[in-house]
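Q: Here it is, the structure in full.
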Amino acid sequence: MSERCDYDVLIIGGGQAGIPLARGLAEAGKRVALAERKDLGGSCVNFGCTPTKAAVASARVAHLARRGAEYGLRIPAVEIDFPAVIERARRIAAVSRASHDRAFAAAANPTLFRGQARLEGRAGEGFRVRIGERAVMAHEVVLDTGTRSVIPPIEGLKEIPYVHAGNWLELTTLPSHLAVIGAGAIGLEMAQFYRRMGSRVTVIEFNPHIAGHEDADVADALQKILTAEEIEFRLATSVDTIAARDDAVVLRLGPEGKSELRASHVFVATGRKGNTDDLGLESVGVATLKQGIVQVDERLATSVKGIWAAGDIRGGPQFTHTAWDDYRILLSQLAGDGARTTERVVPYAIFTDPELGRVGLTESEARRAGHEIKVGRFDMGDSGKAYEIGEDQGMIKVVIDRHSNLIIGAAVLAAEGAELVHGYIDLMNAKAPYTVMREAVYIHPTLAEAIQSAVSEV
């Protein structure tokens with residue numbers, strides 16, 4: 001190793017891969033530095049998972065209170081204190097962020113640098129990186145700079161104060177009518193949140209159904225639930241122009257701007273792009289893909305030896321739990337036996353209410369891939385526990401390889417769907433046939449019985 005290197009490993013970005021990796025490498029005896037230009041914790045802590053789930057929890061309490069009569073309760077009125085809801089979400093995010101700050105303040109290794117980091121080229125056997133006004137040299141570099149909202153090139157959009165995943169906590173006034181552009185996970189979760197807070201909400205989606213990755217039957221079931229809460233949907237529709245007019249925002253909707261939607265606010269949820277345009281990747285030749293994603297192999301190595309990428313910028317599934325697993329892969333590669341790779345079963349969830357837990361292939365994906373399959377379906381209305389607790393909306397769909405009897409995909413649209421899907425995840429990781437679950441004894445009455453019932457319907 002070159003003596004000129006100040007650090008064995010420099011990590012750029014303090015997200016859900018970078019922070020545990022810095023600590024793990026330091027514990028393994030490496031000299032480690034982490035550079036973060038703003039707040040530790042990444043998108044999850046600062047504006048994603050942590051505050052959004054806190055806000056969604058407030059919305060669920062309001063929703064249940066409005067349903068009090070269904071449970072034999074007299075709740076005369078539900079009053080929303082929207083600034084207090086946002087402040088609670090901010091406070092919970094701040095607590096998580098502060099715990100990271102304290103941990104780094106108490107440690108001599110890893111070293112935390114505050115400031116924008118930028119690669120400036122090679123330095124002997126390592127790399128030169130500028131962090132603010134300071135120049136450091138590191139033998140290896142890990143990129144963990146995350147993503148930001150894609151802002152589509154809609155005429156007039158940049159002329160209005162639009163809301164997106166990165167700034168929604170700054171909005172402390174409840175929109176009277178929110179137009180959400182995009183019906184993916186972020187768009188749907190925030191649409192339901194604002195609707196339950198009391199906003200009128202219209203979701204606009206270019207595709208013919210919401211939750212575009214899902215099979216149409218699953219997406220339609222979710223849309224039906226959200227429509228019952230009076231969320232409006234404009235599907236197979238584009239936004240041609242946006243303009244402020246009087247006290248409203250006017251959206252001209254396609255095709256050819258033939259219809260008009262007047263709203264008070266616009267929330268943009270049309271995808272994510274990598275925070276890589278200001279990293280100086282060109283100074284060392286790191287290859288990138290579209291939307292600023294860094295090209296990596298199954299070991300998370302980039303096209304340049306000694307530079308690695310983790311978290312959302314490395315392409316593939318962009319979730320906090322995959323970023324955390326990236327840390328385990330890189331710890332294995334940089335300080336372990338090099339055995340861990342991105343060969344993994346990756347689940348995810350859309351945290352609407354009910355939740356949509358998803359793992360593996362959809363039915364349509366499985367058929368396109370040439371699998372011979374059998375499919376099990378279960379309606380949550382047939383679940384005893386779901387009916388008893390008044391949470392009987394949704395469905396479960398499980399896709400099984402006909403020859404091996406292995407589960408290759410599942411969708412659980414149900415109360416606690418993000419928890420229930422783990423039953424399928426465990427079988428997939430164990431490479432165990434679905435019959436193991438079918439023949440097991442489950443506690444009655446539980447929601448978990450439903451995932452067993454779905455495989456019993458195969």
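All of the numbers you see were taken from the coordinates with simple rules; none came from a lab. Being a predicted model, the structure only gives us computed values, none of them experimental. All Cβ positions, even for glycine, are placed from backbone atoms using ideal geometry, and neighbour counts span all protein chains on display.
Q: GluC sites (Glu not before Pro) within segment 418-450: which are DSSP loop residues with at most 15 other Cβ atoms inside 10 Å?
A: Hits after loop and neighbour filter: GLU439.
Q: Per the helix-only calculation at 222 nm, which mean residue ellipticity applies to the chain, given -39500 (n - 2.57) for every DSSP H run of n ≥ 4 and division by its residues, nearest 500 deg cm²/dmol?
A: The helix-only estimate for the chain comes to -9000 deg cm²/dmol at 222 nm.
Q: Can you compute the charge dipole magnitude of the chain about its Cα centre, using +1 on each Lys and Arg Cβ and -1 on each Asp and Glu Cβ, nothing else charged? Give it in debye, rounded to the nearest 20.
A: Rounded to the nearest 20 debye, it is 960 debye.
Q: 5 Å is the cut-off here: which amide hydrogens, built 1.01 Å from N in the peptide plane, fall below it relative to PHE113, excluding neighbours closer than 5 in sequence?
A: Excluding prolines and chain starts, which carry no amide H, the hits are LEU34, ALA35, GLU36.
Q: Turning to a different aspect of this structure: Based on the mean of other beta carbon atoms within 10 Å per residue, what is the order of 20-26, 293-299, most packed first?
A: 20-26, 293-299
Q: Then there's this: Applying 1/(1 + (r/R0)^6) with R0 = 30 Å to the Cβ-Cβ distance of THR172 and ARG66, what FRET efficiency is obtained, to the nearest 0.05?
A: Working: r = 23 Å, r/R0 = 0.75.
With a Förster radius of 30 Å, E is 0.85.
Q: Which one, GLY212, ILE181, GLY198, projects farthest toward the positive side of the charge dipole computed for segment 157-270 from Cβ point charges (K/R +1, D/E -1)?
A: The one lying farthest along the dipole's positive direction is GLY198.
Q: Report the FRET efficiency, 1/(1 + (r/R0)^6), for ALA243 and ALA432, where r is their Cβ-Cβ distance and R0 is 45 Å, rounded to 0.05.
A: On the way: r = 57 Å, r/R0 = 1.26.
After rounding, the FRET efficiency stands at 0.20.
Q: Holding the Cα-Cα limit at 20 Å, pick out from LYS38/LYS290; LYS53/LYS158; LYS374/LYS431; LYS273/LYS305 the pairs that are longer than that.
A: Over 20 Å apart, Cα to Cα: LYS38/LYS290; LYS53/LYS158; LYS273/LYS305.
Q: Between THR241 and residues 5 or more places away or on another chain, which pairs have amide H atoms under 5 Å apart, with H built 1.01 Å from N, and which residues are they?
A: Here ARG252 satisfy the definition.
Q: Measure off 7 Å from each Cα along the Cα-to-Cβ vector at ARG299 and LYS258, then give the distance between these two points in nanometres to one decimal.
A: Between ARG299 and LYS258, the label points sit 5.6 nm apart.
Q: So how do 142-155, 258-271 stack up, highest first, on mean other-Cβ count within 10 Å? Numbers along the way, then the final one.
A: Numbers: 142-155: 20.6, 258-271: 18.3.
Order by mean packing, descending: 142-155, 258-271.
Q: In segment 335-377, what GluC sites (Glu not before Pro) fall in a loop by DSSP, with at most 11 other Cβ atoms inside 10 Å?
A: Answer by residue number: GLU343, GLU372.
Q: Right, something else. Report the extension gain between ALA228 and GLU27 in nm, rounded to one decimal, defined as 0.36 nm multiplied by the number of residues separating them, less their alpha carbon distance.
A: 67.1 nm
Q: If packing is taken as the average number of other Cβ atoms within 10 Å across a peptide's residues, how do 423-435, 308-320 rank, most packed first?
A: 308-320, 423-435
Q: Sticking with this structure for a sec: Tabulate in residue order the Karplus-calculated ³J(HN,Hα) for segment 72-77, using 6.51 cos²θ - 1.76 cosθ + 1.60 with θ = phi - 60°, rounded to whole Hz; enter x for Gly and Pro.
A: 3J(HN,Hα) across segment 72-77, in whole Hz: x, 10, 9, 10, x, 7.
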